[in-house]
Amino acid sequence: MGQPKILCVVGPTACGKTTLGILLAKKFSGEVVGVDSMQIYRGMAIGTAAPSEAEMDGVPHHMVGVADPGEQWSAARFVQAADDCIQDILKRNKLPVLAGGTGLYLDAIVAGRAFAPGSSGGAVRRALERELEERGMEPLLEELARVDPESAGRLHPADVKRILRALEVYRETGQTISRHNRVSREMPGKYDPLYIGLAFRDREDMRTLIDRRVDAMMAAGLPEEVRALAAAAPGDATALQAIGYKELLPALEGRTSLEAAVEEIKLRSRQYAKRQLTWLRRNPAIHWIYWEKERNFAWALQIATEIITAQGLQ
RNA sequence: GGGAGCGUUCCCGAGUGGCCAAAGGGGGCAGACUGUAAAUCUGUUGUCGACGACUUCGGUGGUUCGAAUCCACCCGCUCCCA
């Protein structure tokens, strides 16, 4: 394969992607590209566990804390911007180290995948949403079945988001999203990725770590961060969908207790981690490193180095 | 001390004679995922040698062809009066 090699550190939340990514970047003269839909925003360092200047340890980071929380980013926009960073890193003969938890974004970057043509969230989308509200799902499902039977067959009738998107693509471009997806799936990847996966052998240990981390976030001033973010971003901002923020807001408004909110954050984090694992599990190329009880980065760095050496990254 | 009520599957909570292994929600587990993805959607969730069988609805005993549902007593909890 002639594609440029990149290193990808993946895994569920709280398993140490950030730390290992930095260690590997240091060791292999790389630069970190964060692949995280929420760490992109400024002012969310605590809640998204973004690395501090000290933790970065001199390793250049990209795509972390670079966007205004009021902005609406999207997968397509993210992939485009991240790819620019990667190209730039490669041009300087450094190793791109992608570290992040947003599976869709990472896969799209590695594949060099363009999302379906046309825009999203524009007039067509608004029209679809209006139709949905006025006439319900039936007519839209019928339209999809007529126009893009493949998508109609694949999508669950309750999957409103994806059904609207499929219709949006068709109405805007005259092409079906299923065809676009099929074609793009067959394209060769843009990069030659080496995946290092980090996970806990025992789910209970992951839970312990998540709980501990949430407590640490609270101690580090997450409530203040949430308050500031809420003041800086509109209520429908993507940034406010982040775990930690949407749970803490009701507590800050006195509508629920702080303790309840913290429990909610822990719960939602666990569920998020589980979904991340589901996503990752279908990628057979990942070289997994499993934590036994506690995280031990010196050990993980050692294993990762062995994997990298064996696979020949350099 | 007197009175009213409650105890259901991991949790909350329906169910008041057969259609109940027991609604619904939560949680768990599993899956999906191509422009909001830390989002969204789906399946599953008593046990087993599983188109059937077995155990379960605080406990024990009873009524009945048949009980989570009716009766008696017991245990535990809640509330009210005093």
Item checked: Cα principal axis extents for segment A:93-167, largest first, Å -> 55, 26, 21
Next item on the list: In a Gaussian network model over chain A where Cα atoms closer than 10 Å are linked, find which of A:L24, A:L301, A:L167 has the largest mean-square fluctuation.
Entry: A:L167
Item checked: In Å², nearest 10: area of A:W279 left accessible to a 1.4 Å probe -> 80
Notebook entry, point to check: For chain A, what % of the accessible area comes from carbon and sulfur atoms, probe 1.4 Å?
Noted result: 52
Next item on the list: Report Rg (one decimal) and Dmax (nearest whole number) for segment A:34-115, counting Cα atoms only, units Å.
Entry: 12.5, 36
Next item on the list: Taking GluC sites (Glu not before Pro) as candidate sites, keep only those in a DSSP loop with at most 13 other Cβ atoms within 10 Å, then name the longest stretch of chain A containing none of them.
Entry: A:1-252
Check: Hey, rough spin-label estimate for A:T208 and A:K293, points 7 angstrom out along Cα→Cβ, what's it come to in nanometres?
Finding: 0.7
Check: Under unit Cβ charges (Lys, Arg +1; Asp, Glu -1), what dipole magnitude, rounded to 20 debye, does chain A have relative to its Cα centre?
Finding: 780
Check: How big is the C-alpha Rg of segment A:40-79 next to the rule-of-thumb value 2.2 N^0.38 Å, as a ratio?
Finding: 1.24
Check: What does the convex hull of the Cα atoms of segment A:238-285 come to per residue, in Å³, rounded to a whole number?
Finding: 67
Checklist line | Kirkwood hydrodynamic radius of segment A:260-314, Cα pairs, Å | finding: 13.8
Notebook entry, point to check: Taking θ as phi - 60°, what are the ³J(HN,Hα) couplings along segment A:148-158 by the Karplus curve (6.51, -1.76, 1.60), each to the nearest whole Hz, with x for Gly and Pro?
Noted result: 9, x, 4, 5, 4, x, 7, 7, 6, x, 8
Checklist line | Estimated translational D of segment A:62-196 in µm²/s (Stokes, Kirkwood radius over Cα pairs; 4 °C; 1.567 mPa s) | finding: 77
Item checked: Per-residue HN-Hα couplings for segment A:180-192 [Karplus 6.51, -1.76, 1.60; θ = phi - 60°; Hz; x = Gly/Pro] -> 4, 5, 5, 4, 5, 5, 7, 5, x, x, 7, 10, 10
Item checked: Accessible surface, segment A:1-123, averaged per residue in Å² (probe 1.4 Å) -> 38
Next item on the list: Give the Debye-formula value of log10 I(q)/I(0) at each listed q (0.24, 0.27, 0.31 Å⁻¹), with one equal scatterer per alpha carbon of segment A:162-208, two decimals each.
Entry: -0.85, -0.97, -1.09
Next item on the list: Determine the relative contact order of segment A:21-100: mean sequence separation of Cα pairs under 8 Å and six or more apart, normalised by residue count, in whole percent.
Entry: 46
Check: So what does the Cα-only Debye profile of segment A:158-314 read at q = 0.13, 0.15, 0.19 Å⁻¹, as log10 I(q)/I(0), no solvent term?
Finding: -0.95, -1.07, -1.14
Item checked: HN-Hα J in Hz across segment A:258-270 - Karplus 6.51, -1.76, 1.60, θ = phi - 60°, x for Gly and Pro -> 5, 4, 4, 5, 4, 4, 5, 4, 4, 4, 5, 5, 4
Notebook entry, point to check: Pairs of lysine in chain A with Cα under 16 Å and at least 8 positions apart or on different chains: total?
Noted result: 12
Next item on the list: Grab the eigenvalues of the alpha-carbon gyration tensor for chain A, scale each by 5, take roots, and send me the semi-axes largest first in whole angstrom.
Entry: 33, 27, 18
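The values are calculated or read from the model by the stated rules, or taken from the named source; none is laboratory data. Fair warning: this is a prediction, and the values are worked out from it, not measured in the lab. Ideal geometry is used to build each Cβ from the backbone, glycine not excepted, and the neighbour counts take in all protein chains shown. What goes into the accessible areas is simple: the full protein's heavy atoms, side chains included, and nothing from ligands, DNA or RNA. Shrake-Rupley method; radii C 1.70, N 1.55, O 1.52, S 1.80 Å.
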